[in-house]
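Worksheet: one structure, shown below.
Any read-out appearing in this document is the output of simple, stated calculations on the displayed coordinates, not a laboratory observation. Here the structure is a predicted model, which is why all the values come from computation and not from measurement. Neighbour counts run over all protein chains shown; Cβ positions are idealised from the backbone, glycine included.
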Amino acid sequence: MLKSTELSTNNLLGIKDLTPDDIHLIFYWTKQFKEIINRPIKKVPSLRDITIANLFFENSTRTRLSFELAEKRLSADVINFAASSSSLSKGESLVDTIKNILAMKVDLVVLRHPEPGSAKFLSKHIDAQIINAGDGTHEHPTQALLDAFSIQEKLNDLKNKKIVIIGDISHSRVAISNIYCLQKLGAKVAVCGPQSLMPRNIYSLNVEVFDDVIKALEWADVANILRVQHERMDRSYFPSIREYHMRYGITMEKMLSLNEIPLIMHPGPINRGVELSSEVADSKYSIILDQVQNGVAVRMSVLYLLASKSKNVQ
């Protein structure tokens with residue numbers, strides 16, 4: 001039974017700001033919206049007359065399209081903003097740019113920005129509600145929510161389930177948000193990857209740390225595989241891609257050596273042949289496409305619940 005019918009926060013800046021009850025409420029509405037998007041008529045008028053601006057200052061395909069589809073399924077009016085063609089390129093500040101957009105009567109902002117803390121900074125300067133769609137290496141809350149929902153959907157409950165996150169932990173906002181979200185729901189979390197790709201404070205996050213990927217997979221009920229984020233690196237963190245794949249890449253040979261094979265997840269985009277082989281990505285053990293579908297429903301849920309706090313939504 002739900003303990004609350006509305007979120008405890010007016011924005012979604014990070015998983016840290018959510019309570020377990022908030023997450024359960026988001027999952028409740030995710031189930032409702034997932035039923036809707038699997039019907040022949042996939043659109044509902046819930047956010048009719050609500051205007052949402054998607055402000056992406058960093059490249060994105062999956063997240064941007066997922067948010068846009070979620071907004072259109074809810075009948076919202078959508079504005080897509082490209083930073084490269086904006087006045088930011090002429091020297092205008094982020095706050096001034098967004099204040100000008102809000103002057104057009106925008107109700108809600110979906111923000112992706114390369115600087116950590118950008119969503120929180122903006123929330124102090126504008127009145128519109130903000131959803132953080134990824135801020136640097138800080139957080140990516142909707143990705144963590146859809147990952148946790150996808151696991152719950154397959155395993156029924158997250159309490160005491162073992163989830164290992166494998167790959168580039170240090171540069172990943174997905175890893176940090178997943179750790180916070182899964183722990184709030186009672187899961188046991190571990191990480192695995194090269195020591196050079198582990199954050200300095202990793203042990204303070206109350207996670208188990210593996211160096212051996214086989215041992216990590218044996219321990220886990222679910223393995224969430226992350227790509228190596230070369231675009232965030234200023235130097236080489238391991239000898240070669242080939243060596244990384246040999247030590248930490250998930251292959252069917254490694255999977256079949258296990259006593260029990262965990263579910264395989266990946267937030268995308270996949271570097272096939274690096275962190276994950278095509279054979280594993282396309283196998284019956286993979287729930288990657290479930291994550292993609294759940295992403296739309298989770299984002300519909302978040303948009304609906306935030307808009308409900310300030311508007312009379314239908």
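A compact table of results
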read-out: Contact order normalised by residue count of the chain, Cα under 8 Å, 6+ apart, percent; value: 20 percent
read-out: With Cα atoms, 0 to 90° folded angle of helix 173-184 axis to the chain main axis; value: 90 degrees
read-out: DSSP-loop trypsin sites (Lys or Arg not before Pro) across the stretch 141-191, with at most 12 other Cβ within 10 angstrom; value: Lys159
read-out: Sorted peptide list for 204-210, 26-32, 10-16, 297-303, criterion being average Cβ within 10 angstrom, highest first; value: 297-303, 10-16, 26-32, 204-210
read-out: Cut-off under 5 Å, modelled amide H: who pairs with Ile131 long-range; value: Leu12, Val109, Val110, Leu111
read-out: Packing-based exposure ordering (other Cβ within 10 Å, fewest first) of Ile214, Ile130; value: Ile214, Ile130
read-out: Cross-link partners of Lys43 among lysines (Cα-Cα below 22 Å; sequence separation of 8 or more within a chain); value: Lys31, Lys34, Lys72, Lys309, Lys311
read-out: Estimated 222 nm signal from helices in the chain, with DSSP H stretches of n ≥ 4 weighted -39500 (n - 2.57), rounded to 500; value: -11500 deg cm²/dmol
read-out: Sequence of Asp107, Asp127, Asp282 once ranked by neighbouring C-beta atoms within 10 Å, starting from the fewest; value: Asp127, Asp282, Asp107
read-out: Which of Glu6, Glu139 has the fewest Cβ neighbours within 10 Å, and the rest in rising order; value: Glu6, Glu139
read-out: Mean separation of Cα contacts under 8 Å, 6 or more apart, over the residue count of the stretch 141-287: relative contact order %; value: 24 percent
